[in-house]
Amino acid sequence: MLRNKNLIFIIFYFFSLLIAQDVQIRLSVVMRMSAPVVGPIKVKIDQITAPGFYKYEEKAEIKRFVFRWMNEGAEGEIMISGTDKIINYNIDDEVYWLENPEDYFLNPQKDTTNNDNNNSISFSIKSDDNGVSPKVERVSGQNIEITNGYRTKKWLTSIFYTSKKLIIEEWIVEKLPLLDIQDSLRTNVYRGFTDGMELDSNNFTFNLFDFGLNMRTFSNGIISKIDTNNNIDPILGKSVKTKILFFEGKEKPKFEMSMEILELYAESVDTAFFTIPEHFKRIKK
């Protein structure tokens, strides 16, 4: 019986690879967060991925009036294999500009940890301020929960520091083939732009927006970098919803964020989606 299951999986895997040549994958996720001072923020992220093509759009909504000036409208980017520039655009302003791959992929890796802002939530995930390794606990739910149409199991990961606490809730499905195909197609497009670049694979900065690109299991990444003696097995599967709470000596979280899949489906490739309207004006940035 086990051999039959393995055979079915292999057939399905290769069938998925063949299908991926003729389809594009649409992935829509929504991220909600509540940060100090700024307050509630909602970001909708839409992606379309096809062989040799990748399109990303995001639109942020900031609730507090005093910070609404930070809304830059709906912006996006298009990457096409075989080209040497990344197309960026702003839908509201009806403009576009070109970006060098080096600026796109290398600049985000600059060290931004030297921040004196008292409202910053950045901290070392490996240990607390006293150099003490955190304590990690993880439990799983016993029942199946239906989350946005997916049959999921909920996992709760708690990371305790001396005066801080990080709580991660994740709703996991065992397999999500369309997400695997989407991530593979996107990665292949990325490779075409990063060939020859010296990317720092040891730079581990949790970019929440990048987290939204592939809905990875967030707690696995955190735990893998913690200097701890806890023997915690990784969660197997894909997250369709994640909630993160950061506490700093208070009952109310100082920061909270959630990310969940709204839509994930395949359709026939249409390269027209990877163009910008002709009336958009080109600008320099």
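The values are calculated or read from the model by the stated rules, or taken from the named source; none is laboratory data. Quick caveat: nothing in here was measured; it's all calculated off a predicted structure. When we count neighbours, we look across all protein chains shown, and the Cβ atoms used for this are built from the backbone with ideal geometry, even at glycine.
Anything in the stretch 238-271 that is more than 30 Å from residue 25 (Cβ to Cβ) and in a loop (DSSP other than H, G, I, E, B)? List them, or say none.
The answer is 248, 249, 250, 251, 252, 253, 254.
Name the residue that is nearest to residue 237 (Cα to Cα), counting only residues in the stretch 144-175 that are assigned to a strand (DSSP E or B) and among the polar types (S, T, N, Q).
152
Report yes if some residue within the stretch 164-175 is more than 19 Å from the chain's Cα centre (by Cα) and modelled with pLDDT of 90 or more; otherwise report no.
So far as the stretch 164-175 goes, yes, one or more of its residues are more than 19 Å from the chain's Cα centre (by Cα) and modelled with pLDDT of 90 or more.
Given the structure, is residue 272 farther than 29 Å from residue 93 by Cβ, of a type in the set (A, V, I, L, M) and at pLDDT 95 or above?
No: the conditions fail for residue 272.
Kindly indicate which of 222, 235 is of a type in the set (A, V, I, L, M), part of a loop (DSSP other than H, G, I, E, B) and surrounded by 18 or more Cβ atoms within 10 Å (Cβ to Cβ).
235
Identify all residues within the stretch 238-285 that are among the small types (Gly, Ala, Ser) and either crowded, with 17+ Cβ neighbours inside 10 Å or touching a residue at least 40 places away in the same chain (Cβ under 8 Å) (or both); write none if there are none.
Start the filter on the stretch 238-285 by keeping residues that are among the small types (Gly, Ala, Ser), which leaves 239, 249, 258, 266, 268, 272.
Once the filter is applied, which keeps residues that are among the small types (Gly, Ala, Ser) and either crowded, with 17+ Cβ neighbours inside 10 Å or touching a residue at least 40 places away in the same chain (Cβ under 8 Å) (or both), the stretch 238-285 yields 239, 249, 258, 266, 268.
Among the listed residues 184, 201, identify the single one that is modelled with pLDDT of 90 or more and either outside any loop (DSSP other than H, G, I, E, B) or farther than 23 Å from residue 139 by Cβ (or both).
184
Looking at 267, 248, which one is at pLDDT below 90 and either among the polar types (S, T, N, Q) or in contact with a Lys or Arg (Cβ under 9 Å, 6 or more places away or on another chain) (or both)?
Working: 267 fails: at pLDDT below 90.
Matching residue, one of 267, 248: 248.
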